[in-house]
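Worksheet: the structure to be examined is printed underneath.
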Amino acid sequence: MDQPRPLDPIPPGPWDVVVIGAGAAGLMTCLDLPAGLRVLLLNRNTGRRSSSRWAQGGIAAVTRPEDNASSHAEDTIHAGAGLCDGDAVRLLVDEAPHCVERLQRLGMAFDRDGPNLATTLEAAHSHKRVLHVQDQTGRALVDVLRERVEEREGLLHRRGVRVTKLTVKNGSCSGVQVLDGQLLYTVQARAVVLASGGGGHLFANTTNPAQACGEGIALAWQAGAAVEDLEFVQFHPTALRLDDAPCFLISEAVRGEGGVLVDDLGCSPVAHLAQRDLSPRDQVSRALVQAMQRQGVGQIWLDFSAIPREQAEARFPTILDRCSEFGLNPLEHPIPVAPAAHYWMGGIATNLQAATNLPGLFAVGEVACTGLHGANRLASNSLMECLVFAHQLKSIDLEPQQTALKRSNPNSCDLDLSSGESTTGLMTRIEQLPAIVLANRWC
């Protein structure tokens, strides 16, 4: 449900920290920033759409006695084609169990198997270590974090505001320029944290929400921050493939629970892969595309029949409901799927403290490139990366306090803003505004 956008401009600050993005990375950042800071959370949406909220599968962490951090690390590096940053991998696998404990204290109700946390198997994992809340893990996580964030003292959450530029002063990030309705102005901050997600909508077929168009990476690059590994884009093997339907994600957990891929000839298109249906995502997606090209078809089939009906109904209610909207019943017949752009391993280059090479600018989540994922992300490591690296900001190094500037009346910028417009297109139109409007904006 969309919420009304406030009509009054954002107080000019100076703010201590501006956080851009209200998915898991942005929300956890707000929770982990030191107490006593003035925090401004900017959300492009007026509703609750985010890639984090759409995440179905789960959160990867070692919680079972037969599993260990070394195995989680080995699986991460294997899935990443050996190109992962070892320090980032060690940080994630060591901190993941602690993050799970903290989420439970915050109110996250993971599915349970008797007295223990329930876990499932996903692609390229050697143990069942993916915790979940049915097939709505991302939604459950974001809802818990948002509730806690709204309780934080000194935090203002503004929805429907689009960041158009990162401001730089004396070689440091000093705030943001925002388009707030028809008002264009800048807001000062001692630090800016980008948590704006990835860029799936750079591709025709994607599992991402519409705002995932790479804006955060573009903003950082324009401000002088380094970016890396942009060539590494993950295509999820199983997105619903219908001409009249969006590329709705069919969680990898379906295959973890026993679902299998079948081509038009009734054969397995992944039989040649070492882990077959649960091989790393890049291998499975390539195998599916190759099979589709050989057979001249636009889809592969995902067969749920090996999953007991009661188990499927309890574990995948969202997937079953979504399929039924398009006249499909996965429990009766295989459903058509095909690979779709899902996750960007590359992004804004950061260190283990989530800091970029531009002082005052930090990045967390999919917008960042920590080196954790290498060339291909291990299933269900993405939400955990948000939590682990946001927690690194508990000891954020802030720029010196700025002097508040006197605010003049913001000027109207008569722009018909399209929610799907690219950053480049928007910035071009802003730069074409009459010079007097830009000169008179308050900052």
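The values are calculated or read from the model by the stated rules, or taken from the named source; none is laboratory data. Here the structure is a predicted model, which means the values were calculated and not measured. When we count neighbours, we look across all protein chains shown, and the Cβ atoms used for this are built from the backbone with ideal geometry, even at glycine.
Go through segment 134-158 residue by residue and tally those that are polar (S, T, N, Q) and either assigned to a helix (DSSP H, G or I) or under 16 Å from residue 37 (Cα atoms) (or both).
Quick first cut of segment 134-158, residues polar (S, T, N, Q) only: 134, 136-137.
Filter once more, so that each one left must be either assigned to a helix (DSSP H, G or I) or under 16 Å from residue 37 (Cα atoms) (or both): 137.
Qualifying residue count, segment 134-158: 1.
Can residue 85 be described as charged (D, E, K, R), closer than 17 Å to residue 365 by Cβ, crowded, with 16+ Cβ neighbours inside 10 Å and in the same structural domain as residue 26 (by TED's automatic domain parsing)?
Values: charged (D, E, K, R): yes; closer than 17 Å to residue 365 by Cβ: yes; crowded, with 16+ Cβ neighbours inside 10 Å: yes; in the same structural domain as residue 26 (by TED's automatic domain parsing): yes.
Here the answer is yes, as residue 85 does meet what is asked.
If only one of 377, 407 is in a loop (DSSP other than H, G, I, E, B), modelled with pLDDT of 95 or more and of a type in the set (Lys, Arg), which one is it?
On the way: 407 fails: modelled with pLDDT of 95 or more.
That would be 377, the only listed residue that is in a loop (DSSP other than H, G, I, E, B), modelled with pLDDT of 95 or more and of a type in the set (Lys, Arg).
Determine which member of the set 166, 184, 103 is modelled with pLDDT of 95 or more, within 19 Å of the chain's Cα centre (by Cα) and buried (at least 18 other Cβ atoms within 10 Å of the Cβ).
Numbers: 166 fails: within 19 Å of the chain's Cα centre (by Cα); 184 fails: within 19 Å of the chain's Cα centre (by Cα).
The conditions single out 103.
I need a count of the residues in segment 193-214 that are touching a Leu at 6+ places or on another chain (Cβ under 8 Å) and either farther than 26 Å from residue 39 by Cα or β-branched (Val, Ile, Thr) (or both).
Of the residues in segment 193-214, 2 are touching a Leu at 6+ places or on another chain (Cβ under 8 Å) and either farther than 26 Å from residue 39 by Cα or β-branched (Val, Ile, Thr) (or both).
Could you look through segment 313-345, keep only residues that are small (Gly, Ala, Ser) and in contact with a Gly (Cβ under 9 Å, 6 or more places away or on another chain), and pick out the one that is farthest from residue 218 (Cα to Cα)? Spell out how you get there, then give the answer.
Taking segment 313-345 first, the residues small (Gly, Ala, Ser) are 314, 324, 327, 338, 340-341.
In the following step, the residues that additionally are in contact with a Gly (Cβ under 9 Å, 6 or more places away or on another chain) were identified as 338, 340-341.
Numbers: 338: 29, 340: 22, 341: 19 Å.
Filtering first and then ranking leaves 338.
Mind listing whichever residues of segment 60-114 are in a loop (DSSP other than H, G, I, E, B) and of a type in the set (Asp, Glu)?
We begin by selecting, within segment 60-114, every residue in a loop (DSSP other than H, G, I, E, B); these are 61-68, 80-85, 107-111, 114.
Result: 66, 67, 85, 111.
Restricting to segment 242-283, and then to whatever is farther than 15 Å from residue 334 by Cβ and without any contact (Cβ under 8 Å) to a residue 24 or more places away in the chain, can you tell me which residue is surrounded by the most Cβ atoms within 10 Å (Cβ to Cβ)?
Checking each candidate, the answer is 283.
All but one of (1) out of contact with any Leu (no Cβ under 8 Å at 6 or more places or on another chain); (2) in the same structural domain as residue 141 (by TED's automatic domain parsing) hold for residue 352; which doesn't?
Here residue 352 meets the rest and fails (1).
Would you mention how many residues in segment 274-290 are over 12 Å from residue 339 (Cα atoms) and not acidic (Asp, Glu)? Working first, answer last.
Filtering segment 274-290 down to residues over 12 Å from residue 339 (Cα atoms) leaves 274-280.
From what is left, the residues that are not acidic (Asp, Glu) are 274-276, 278-280.
Result for segment 274-290: 6.
Got at least one residue in segment 187-201 being under 21 Å from residue 40 (Cβ atoms) and surrounded by fewer than 22 Cβ atoms within 10 Å (Cβ to Cβ)? Explain how you work it out, then say what you get.
First pass over segment 187-201, keeping only residues under 21 Å from residue 40 (Cβ atoms): 187-197.
After this cut, where a residue has to be surrounded by fewer than 22 Cβ atoms within 10 Å (Cβ to Cβ) as well, the list is 188.
Checking segment 187-201: at least one residue is under 21 Å from residue 40 (Cβ atoms) and surrounded by fewer than 22 Cβ atoms within 10 Å (Cβ to Cβ).
Which residue, of 76, 63, 46, is in the same structural domain as residue 180 (by TED's automatic domain parsing), among the β-branched types (Val, Ile, Thr) and at pLDDT below 95?
Details: 76 fails: at pLDDT below 95; 63 fails: at pLDDT below 95.
That would be 46, the only listed residue that is in the same structural domain as residue 180 (by TED's automatic domain parsing), among the β-branched types (Val, Ile, Thr) and at pLDDT below 95.
Which residues, taken from segment 115-130, are of a type in the set (A, V, I, L, M) and either crowded, with 24+ Cβ neighbours inside 10 Å or under 23 Å from the mean Cα position of the chain (by Cα) (or both)?
So in segment 115-130, the residues of a type in the set (A, V, I, L, M) come out as 117-118, 121, 123-124, 130.
Of everything in segment 115-130, those that are of a type in the set (A, V, I, L, M) and either crowded, with 24+ Cβ neighbours inside 10 Å or under 23 Å from the mean Cα position of the chain (by Cα) (or both) turn out to be 121, 123, 124, 130.
Does any residue of segment 115-125 turn out to be assigned to a strand (DSSP E or B), out of contact with any strand residue (DSSP E or B) (no Cβ under 9 Å at 6 or more places or on another chain), modelled with pLDDT of 95 or more and farther than 24 Å from residue 285 by Cβ? Before you say what the answer is, go through the steps one by one.
Here is the first cut: in segment 115-125, the residues assigned to a strand (DSSP E or B) are 116-117, 119-120.
Adding the requirement that they be out of contact with any strand residue (DSSP E or B) (no Cβ under 9 Å at 6 or more places or on another chain) leaves 116.
Restricting the remaining residues to those that are modelled with pLDDT of 95 or more gives 116.
Filter again for farther than 24 Å from residue 285 by Cβ, leaving 116.
Yes, segment 115-125 contains a residue that is assigned to a strand (DSSP E or B), out of contact with any strand residue (DSSP E or B) (no Cβ under 9 Å at 6 or more places or on another chain), modelled with pLDDT of 95 or more and farther than 24 Å from residue 285 by Cβ.
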